[in-house]
1. Please go through segment 99-136 and pick out each residue that is at pLDDT below 95, of a type in the set (Lys, Arg) and farther than 18 Å from THR72 by Cα.
2. Only one of (1) more than 12 Å from ILE121 (Cβ to Cβ); (2) modelled with pLDDT of 95 or more is not met by ASP85, so which one is it?
3. Return the only residue of PRO112, PRO74 being touching a Leu at 6+ places or on another chain (Cβ under 8 Å) and closer than 24 Å to ALA32 by Cβ.
4. Looking only at segment 87-96, how many residues end up being touching a residue at least 60 places away in the same chain (Cβ under 8 Å) and either within 8 Å of the chain's Cα centre (by Cα) or closer than 18 Å to TYR46 by Cα (or both)?
5. Report the residue count in segment 48-86 for those that are among the acidic types (Asp, Glu) and under 13 Å from the mean Cα position of the chain (by Cα).
6. Among the listed residues GLU94, GLU73, GLU81, identify the single one that is more than 30 Å from THR8 (Cβ to Cβ) and surrounded by fewer than 22 Cβ atoms within 10 Å (Cβ to Cβ).
7. Could you pull out the residue among PHE33, PHE119, PHE108, PHE62 that is over 23 Å from PRO6 (Cβ atoms) and buried (at least 20 other Cβ atoms within 10 Å of the Cβ)?
Amino acid sequence: MKAKMPKTNEEWFKKLTPEQYDVLRKKGTEVAFTGKLLHNKKNGMYTCAGCGAELFSSDTKFDSGTGWPSFTEPANRKNVELKEDNSHFMHRTEVICKNCGGHLGHVFNDGPGPAGKRFCINSCALDFKESNKKKK
């Protein structure tokens with residue numbers, strides 16, 4: 001995958017917090033139940049903390065009980081890439097920001113939405129832009 005927004009590791013290290021760098025650039029995972037956006041109930045758009053690309057709408061966020069923000073689907077499928085991930089002796093599907101190549105989390109087939117997907121996303125990989133729009 002070739003990111004549209006290439007930066008050197010040094011540039012990413014300067015832009016991101018140490019935790020964001022570990023997750024977005026090194027494919028780490030934040031500690032469950034510690035993310036700043038886990039319990040966010042406001043209306044708005046979740047964007048990539050690395051590049052600002054719109055990723056998930058608050059309309060699709062739900063409490064999965066897993067410790068990470070969970071969504072039934074991306075707000076804009078063009079901004080998200082799914083990639084097979086066989087690391088850590090598991091078979092999963094990684095969720096990547098298509099704009100900057102940042103690791104966001106994983107998607108699982110146990111969600112409540114029509115497609116049955118749970119996009120399990122690291123809170124530190126996201127920023128939130130609040131909207132005045134009322135939730136459906």
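1. LYS133, LYS134
2. Failing condition for ASP85: (2).
3. The conditions single out PRO74.
4. Result for segment 87-96: 2.
5. 3
6. It is GLU73.
7. One residue alone meets the criteria, PHE119.
The values are calculated or read from the model by the stated rules, or taken from the named source; none is laboratory data. Please read all numbers here as calculations on a predicted model, not as lab measurements. Positions of Cβ are backbone-derived with ideal geometry, glycine not excepted, and every protein chain shown enters the neighbour counts.
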